[in-house]
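Below is one structure, written out as structure tokens; comments come after it.
The values are calculated or read from the model by the stated rules, or taken from the named source; none is laboratory data. Bear in mind the structure is a predicted one, so any value in this text is a computation, not a measurement. A quick note on method: Cβ atoms are made from the backbone with ideal geometry, for glycine too, and the neighbour counts reach across all protein chains shown.
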Amino acid sequence: MTLDQLPPLRETLAEHDLLAKKSFGQHFLLDLNITRKIARLAEVGEGDHVIEVGPGPGGLTRALLETGAKVTAVEADPRFAPLLEELSVASGGALTLRLEDALKTNEAEVAAGAPAHIVSNLPYNVGTPLLIKWLTGAFTPASMTLMFQKEVADRIAAEPGSDAYGRLSVIAQATSHTAVVMDVPARAFTPPPKVASAVARLTPREGRPSPERLDALQRVTAAAFGQRRKMLRSSLKVLGGAELCEAAGIAPEARAETIDIPGFLALADALRRR
Ligand code: SAM
């Protein structure tokens with residue numbers, strides 16, 4: 001069997017007697033028109049290596065394989081292994097399966113020194129920790145195209161001054177170019193989640209901050225947004241308060257949500273100098 005001869009996903013699920021499990025955050029995309037659109041937004045194709053987290057029944061995996069990309073799929077639920085093995089055969093071996101928790105995956109080892117893109121309809125319970133790992137860890141993905149709850153996708157791309165602007169916006173935008181590229185209603189999933197979803201796309205900025213600078217940025221943003229309604233001179237008190245702000249050229253009376261990315265990087269640098 002080849003990719004274009006595979007039965008519809010609903011049939012494949014029924015054949016393998018598979019029902020979604022809540023504990024794994026399983027909400028499946030069974031409409032190939034939607035998964036193909038995500039694969040197009042990911043801008044991957046022949047010669048690219050994609051790491052897909054949580055292939056589940058393999059709807060997005062099929063769409064990624066159709067582009068000609070090579071896919072390494074990381075799945076925590078072993079019930080999907082037989083179905084994904086069939087997909088691997090149908091793809092002529094372009095799909096490799098790793099049955100493990102993606103939080104523990106060593107992406108650098110998977111990528112083996114070459115660039116790799118990450119594409120995923122993420123399980124909501126581990127979506128943010130996975131994103132933080134890919135933004136700040138040792139391995140920098142060539143691009144990330146990721147489905148989140150819409151509220152999280154909006155936070156990733158939020159601008160200073162907006163309610164959604166917070167820690168995640170600063171860490172994401174200090175390391176990457178970010179955009180929300182597709183809204184997906186709850187009814188597109190089986191079973192539908194309680195909230196709407198959206199696909200965010202992130203590509204690395206040139207000159208990504210060093211691990212030390214990112215570490216300082218994480219400390220500053222945690223303190224500043226931990227008390228986001230307070231002036232920085234009090235929310236950053238334990239890190240140096242007004243003195244830290246002055247060293248960074250930031251008004252101590254300002255509040256976290258008004259500070260842009262260069263402002264936060266200046267605060268992180270001031271913290272490192274202390
Ligand atoms: N990609 C499929 C789709 O679009 O239909 C499934 C998406 S579903 C939202 C999330 C998938 O991630 C499930 O297959 C689930 O078993 C898997 N998953 C959950 N936690 C995981 C983890 N820690 N590591 C790897 N996969 C995980």
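Structural remarks
- The lone exception for ALA198 - which of (1) surrounded by fewer than 20 Cβ atoms within 10 Å (Cβ to Cβ); (2) in contact with a strand residue (DSSP E or B) (Cβ under 6 Å, 6 or more places away or on another chain); (3) under 25 Å from ASP163 (Cβ atoms) it fails: (1)
Listed here are the residues, each with its yes/no results for (1) hydroxyl-bearing (Ser, Thr, Tyr); (2) out of contact with any Gly (no Cβ under 8 Å at 6 or more places or on another chain); (3) at pLDDT 95 or above.
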position	(1), (2), (3)
LEU202	no, yes, yes
PHE225	no, no, yes
ARG229	no, yes, no
GLU246	no, yes, yes
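- ARG213 vs. criteria in contact (Cβ under 8 Å) with a residue 60 or more places away in the chain, of a type in the set (D, E, K, R), in contact with a Leu (Cβ under 9 Å, 6 or more places away or on another chain) and surrounded by 15 or more Cβ atoms within 10 Å (Cβ to Cβ): no
- Test: residue in the stretch 188-201 that is β-branched (Val, Ile, Thr), closer than 30 Å to ASN121 by Cα and over 20 Å from the mean Cα position of the chain (by Cα): yes
- Filtered residues of the stretch 135-152 (kept if in contact with a Leu (Cβ under 8 Å, 6 or more places away or on another chain) and assigned to a helix (DSSP H, G or I)): LEU135, THR136, VAL152
- Screening the stretch 167-274 for helices (runs of 4 or more DSSP H) wholly inside it with 3 or more residues that are small (Gly, Ala, Ser) returns the ranges 167-175, 211-226, 241-248, 261-273.
- Residue in the stretch 206-227 that is of a type in the set (Gly, Ala, Ser) and closer than 12 Å to MET147 by Cα present: no
- On the stretch given as the stretch 178-196, residues that are among the aliphatic types (A, V, I, L, M) and under 19 Å from ASN33 (Cβ atoms) total 6.
- Within the stretch 164-190, residues that are touching a residue at least 60 places away in the same chain (Cβ under 8 Å) sit with their Cβ atoms under 6 Å from residues that are of a type in the set (Phe, Trp, Tyr) and in a helix (DSSP H, G or I), at 6+ positions apart or across chains, in these pairs: GLY166/PHE225; VAL170/PHE264.
- Check on THR67, assigned by TED's automatic domain parsing to the domain that holds LEU131, within 12 Å of the ligand (Cβ to nearest atom) and polar (S, T, N, Q): no
- Residue among ALA76, ALA108, ALA90 that alone is within 27 Å of VAL180 (Cα to Cα), aliphatic (A, V, I, L, M) and either touching a residue at least 40 places away in the same chain (Cβ under 8 Å) or surrounded by 18 or more Cβ atoms within 10 Å (Cβ to Cβ) (or both): ALA76
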